[in-house]
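Structure, as structure tokens:
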Amino acid sequence: MSTNSITPPHQRGYTTPEIFATTEWLAEHISDANVRVVDTDLPEDYEAGHIPGSVNPVDHYYKQSLENRTHIQGAGEFARTMSDLGIDGDTTVVAYNRLGAVFGFRLMWALHYYGHTNVKILDGGFEKWQAEGRETTTNASSIAGSTGSFTPRKNSDIFASRERVLDAINDDSTILLDVRSDGEWTGANKRGGPRGGRIPGAVHLEWSHFNTDGDIPVLKSADEIRKVLADVGITPDMNVITY
């Protein structure tokens, strides 16, 4: 797939196209002192090759611990995780991964939850960077664990509590959107939990449906996204809780 055929983010009709960094922008700013590139894939993917200077989190789910995988890390633990990646209050974070930006967007949400909104997604991810013949490396960055002092400022407005979800089940103005895999939706894949299935009243649209097809997936245009959402009954006037 030619990267020239990919419509730039600012031409896709998004209301906030600035959340994307193009590969051209990153190539120009990769050495900026306040830019931190985060490879949000698994360590084995990072070790096989990554963007020079990028860092890799120990846990790209940012969960509390290996024993408790239910909740996001608490403020103190998340602050240490970000500080170990060289991220502080002045850092522009650029997140990327492979096969769509699912883990990059996870980091974006986690950072927004803790009050850091200066974060971008690399449009086209590692695939586009590679396809353009840009430099990659297998050397781990020396930045991780050496710089950064992250101060968390929790923003509970973007978090749906258990009570809020229970209220939403019978609220006609709110819809629960299950973006997990088909197997998780049906209950065939329990993901290590005691029960499978879904929240009553939820609709299902696996996260991959928001991406384009091909070797270099990017987020679909605004019109395309509105269409796939409308197909499962989600319109702009509704409140949406995703899980």
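Mind sorting M238, M82 by how few other Cβ atoms lie within 10 Å of their own Cβ, fewest first? Intermediate values should be presented prior to the final figure.
Details: M238 14, M82 29.
If I rank by nearby Cβ atoms, fewest first, I get M238, M82.
About the Cα centre of segment 160-242, how large is the charge dipole given +1 on each Lys and Arg Cβ and -1 on each Asp and Glu Cβ? Please answer in debye to the nearest 20.
Result for segment 160-242 is approximately 400 debye, rounded to the nearest 20.
Taking amide hydrogens as modeled 1.01 Å from N in the peptide plane, which residues meet the under 5 Å criterion relative to N155, leaving out close sequence neighbours?
The list, which skips near neighbours in sequence, is Y114, G115.
Under a 10 Å cutoff between Cα atoms, tell me which one of I169, I216, I143 has the largest fluctuation in the Gaussian network model of the chain.
Between I169, I216, I143, it is I169 that shows the largest mean-square fluctuation.
If I take the Cα coordinates of segment 160-242 and project them onto the principal axes, what are the three extents in Å, biggest first?
37, 34, 19
Based on the Kirkwood radius over alpha-carbon pairs, what value in µm²/s does the Stokes-Einstein equation return for the translational diffusion coefficient of the chain at 37 °C and 0.692 mPa s?
171 µm²/s
Along segment 21-34, what does the Karplus equation 6.51 cos²θ - 1.76 cosθ + 1.60 (θ = phi - 60°) give for ³J(HN,Hα), rounded to whole Hz, x for Gly and Pro?
Result, rounded to whole Hz: 10, 7, 5, 5, 4, 5, 4, 7, 10, 4, 9, 4, 4, 9.
Mind checking the dipole of segment 3-131: about its Cα centre, +1 per Lys or Arg Cβ, -1 per Asp or Glu Cβ, Debye to the nearest 20? If you can, show how the numbers build up before the last one.
Values: 9 positive and 17 negative charges, 78 e Å.
Charge dipole, segment 3-131, about its Cα centre: 380 debye, nearest 20.
What angle do you read, to the nearest 10 degrees and between 0 and 90, between the alpha-carbon axis of helix 75-84 and the longest principal axis of the chain?
30 degrees
At 0.36 nm per residue, and after removing the present C-alpha to C-alpha distance, how many nm does the segment from V165 to L99 gain when stretched out fully? Walk me through the intermediate numbers first.
Working: separation 66, 0.36 × 66 = 23.76 nm, distance 2.98 nm.
Roughly 20.8 nm would be gained on extension.
Taking Cα atoms of segment 1-78, Rg/Rh with Kirkwood Rh, to two decimals?
Values: Rg = 16.3 Å, Rh = 15.5 Å.
When Rh is taken as the Kirkwood radius, the ratio is 1.05.
Over segment 158-243, what is the relative contact order in whole percent, taking alpha-carbon pairs under 8 Å and six or more residues apart?
34 percent
Treating only the Cβ of Lys, Arg, Asp and Glu as charged (+1, +1, -1, -1), what charge dipole size does the chain show about its Cα centre? Round to the nearest 20 debye.
On the way: 22 positive and 34 negative charges, 122 e Å.
With only Lys, Arg, Asp and Glu charged at Cβ, the dipole is about 580 debye.
With each label point set 7 Å from Cα along the Cα-Cβ vector, what nm distance links E135 and Q11?
Going from the E135 label point to the Q11 one covers 2.9 nm.
Mind checking which aspartates and glutamates have their C-alpha under 16 Å from K63, skipping anything on the same chain fewer than 8 residues away?
D41, E77, D84
Go ahead and run the numbers for FRET between E47 and N239, Cβ-Cβ distance against an R0 of 41 Å, rounding to 0.05.
Details: r = 41 Å, r/R0 = 1.01.
Once the sixth-power term is evaluated, E becomes 0.50.
So, in Å, what gap is there between the alpha-carbon centers of segment 51-96 and segment 219-243?
Using only Cα atoms to place each centre, the spacing works out to 29 Å.
Along the Cα-to-Cβ line of D182, 7 Å from the Cα, sits a label point; which residues in segment 197-217 have backbone N less than 18 Å from it?
197-198, 203-214
Set the Förster radius R0 to 51 Å, insert the Cβ-Cβ distance between R226 and K190 as r into 1/(1 + (r/R0)^6), and round the FRET efficiency to 0.05.
0.95
Tell me the Rg and the Dmax, in Å, that the Cα atoms of segment 3-131 produce.
Final numbers for Rg and Dmax: 14.4, 45 Å.
Quick note: the coordinates plus some simple rules give every number you see, no bench work behind them. Keep in mind the model is a prediction, meaning the values are calculated, not measured. Positions of Cβ are backbone-derived with ideal geometry, glycine not excepted, and every protein chain shown enters the neighbour counts.
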